[in-house]
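Report on one structure; see the data block that follows.
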Amino acid sequence: MDFQVVVLAGGTSKELVPLVSKEVPKPLLPVANRPVLSYVLEQLELSNLKDLIVVVEGEDAALRVGGWISGAYVDRLHVEVAAVPEDVGTAGALRAIARHLTAKDILVVSGDLVSDVPPGAVAAAHRRHDAVVTSMICSTPVSGPVESGSVGAKDKIKKPRRFNIIGLDPTKQFLLYIASGAEVEKDLHIPKSILRAVGQMDIQADLMDAHMYAFKRAVLLEVLEQKQNFHSLRHDVLPYLVKTQLKSEILLNGTPQAEENGHDKVTSESNQTIISQILANASTPRFHEVYESIHNGSPTVQRTHKCCAYIASNSKYCARLNSIQAFSDINRDVIGEANHLSGYSFSVHNNIIHPSSELGSKTTVGPHCMLGEGSLMGDKCSVKRSVIGRHCRIGSNVKIVNSVVMDHVTLGDGSSIQGSIVCSNVQIQERVVLKDCQIGAGFVVSAGSEHKGESLTRKEK
């Protein structure tokens, strides 16, 4: 397909402290006991997109991620790991590797995306429409557990979150408007030219930009070079391309976009005749051609470019691990309703208990749970809707609900862990109560202590 893939994997994201650390950068955070980055890589492999550049923020993080990839995907993917400075933003990361981008089209994917939408489908839609950019759009994920035990949140029911306001043409193939972040709360300002050209626009607030983009390489590099102040693909590059699609400022190798697509100047025919011809010859009505042809008789020729949307089916799973709450939600989903993504075979009890793990007398591991390799549990323990990592040592009379416990964790007798995230190598002593907490790697929680809504981490020396 002549696509080159760039996976923007991140590094030590501030939004994920204390879950991330120098030892465990964001791409290696566990989702159902697998690095989150593995979910993107396996979807790319299934779509036969195997020529990848994985961009990691920070040299140390890049070495760790590269080491893991070389062991897990040897002879499966052709991966180059590139280190970029921290906090350069997604646009800055692409500028830093621009000389390595050689294919006609570039697929840019966030390394924190957990989804079963085939990346190849996005790439195919991009080629079909001859677009300068195609953005994958999916339903907004829900947030928070069904029952009590949320991570740092008071609400006890799942609620959809508001990520973007997205405007689509009537065919739902072209992206006409997008607002994200602080822009979501502001009034909508939509260019009149787009409204006149398309006739009507479908505005939706229940969709999410999934941070998977197909770009024409020449356009992407041109925008990054000319707009040095652009920091983010999502907040800067994509909105710019969408806003200017009917008054395109883009030149591909010095050639206007309209000429590249073979639109000849027409002066003698009426606008209505032009529109009829375009609609008759197109498989789907494309307002860009209509608008461009109408203006070809004017003193100033209007050039256009196409910004497309690939809208994932509502039956598909799509979420980004870009917050502590999202980490908890995605782990819950991948051992629950989206367990087909886990890559594991679930038991008749709808859970996963590794054959090398051991359960004490009268200990129960409920549905939608995972117990990792080599982990030991004492007597009379209860685990509900939780993930427990590898080689953990869990005492007797321990309760774990709606939580994620990473590798090599020790839980003392009589402890209660609810709605919490416990990072690797943590020691929780006897009779500790945690509710809605995050415990950083290597921390020791004192016996008999109770913590609610706290983030506990070791002090850096």
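Summary table below
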{"read-out": "Boolean, V219 is modelled with pLDDT of 90 or more, among the β-branched types (V, I, T) and touching a Gly at 6+ places or on another chain (Cβ under 9 Å)", "value": "no"}
{"read-out": "The stretch 337-350, residues that are surrounded by 18 or more Cβ atoms within 10 Å (Cβ to Cβ) and not aliphatic (A, V, I, L, M)", "value": "N339, S342"}
{"read-out": "For K362: the one exception among (1) surrounded by fewer than 19 Cβ atoms within 10 Å (Cβ to Cβ); (2) touching a Phe, Trp or Tyr at 6+ places or on another chain (Cβ under 7 Å); (3) of a type outside the set (D, E)", "value": "(2)"}
{"read-out": "Enumeration of residues in the stretch 425-461 that are outside any strand (DSSP E or B), of a type in the set (A, V, I, L, M) and in contact (Cβ under 8 Å) with a residue 40 or more places away in the chain", "value": "A441"}
{"read-out": "Residue in the stretch 404-424 that is crowded, with 22+ Cβ neighbours inside 10 Å, in contact with a helix residue (DSSP H, G or I) (Cβ under 7 Å, 6 or more places away or on another chain) and not in a loop (DSSP other than H, G, I, E, B) present", "value": "yes"}
{"read-out": "The listed residue being part of a strand (DSSP E or B) and closer than 24 Å to S342 by Cα, out of V56, V74", "value": "V56"}
{"read-out": "Failed condition for T102, given (1) open to solvent by less than 50 Å² (accessible area, probe 1.4 Å); (2) in contact (Cβ under 8 Å) with a residue 60 or more places away in the chain; (3) of a type outside the set (G, A, S)", "value": "(1)"}
{"read-out": "Residues satisfying the stated conditions in the stretch 379-403, i.e. assigned to a loop (DSSP other than H, G, I, E, B), farther than 22 Å from L29 by Cβ and open to solvent by 30 Å² or more (accessible area, probe 1.4 Å)", "value": "D379, K380, S396, N397"}
{"read-out": "Residue identified as in contact (Cβ under 8 Å) with a residue 60 or more places away in the chain and open to solvent by 20 Å² or more (accessible area, probe 1.4 Å) among P30, P35", "value": "P30"}
{"read-out": "Matching entry among Q43, Q4 (being within 30 Å of D130 (Cα to Cα), assigned to a helix (DSSP H, G or I) and among the polar types (S, T, N, Q))", "value": "Q43"}
{"read-out": "Residue in the stretch 54-66 that is surrounded by fewer than 21 Cβ atoms within 10 Å (Cβ to Cβ) and touching a residue at least 40 places away in the same chain (Cβ under 8 Å) present", "value": "yes"}
{"read-out": "Among residues of the stretch 67-99, those that are open to solvent by 20 Å² or more (accessible area, probe 1.4 Å) and either out of contact with any strand residue (DSSP E or B) (no Cβ under 7 Å at 6 or more places or on another chain) or farther than 16 Å from D51 by Cβ (or both), counted", "value": "18"}
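Every residue, every condition in (1) within 28 Å of Y344 (Cα to Cα); (2) out of contact with any Gly (no Cβ under 7 Å at 6 or more places or on another chain); (3) among the aliphatic types (A, V, I, L, M); (4) at pLDDT 95 or above, yes or no:
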| position | (1), (2), (3), (4) |
| --- | --- |
| M377 | yes, no, yes, yes |
| V387 | yes, yes, yes, yes |
| R393 | yes, yes, no, yes |
| I400 | yes, yes, yes, yes |
| H408 | yes, yes, no, yes |
| G414 | no, yes, no, yes |
| I421 | yes, yes, yes, yes |
| E430 | no, no, no, yes |
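The values are calculated or read from the model by the stated rules, or taken from the named source; none is laboratory data. Quantities reported herein were computed from a predicted structural model and do not represent experimental measurements. Backbone-built Cβ (ideal geometry, glycine too); neighbour counts: all protein chains shown. Note: accessible area is taken over every heavy atom of the protein model, side chains too, but ligands, DNA and RNA are not part of it. Shrake-Rupley method; radii C 1.70, N 1.55, O 1.52, S 1.80 Å.
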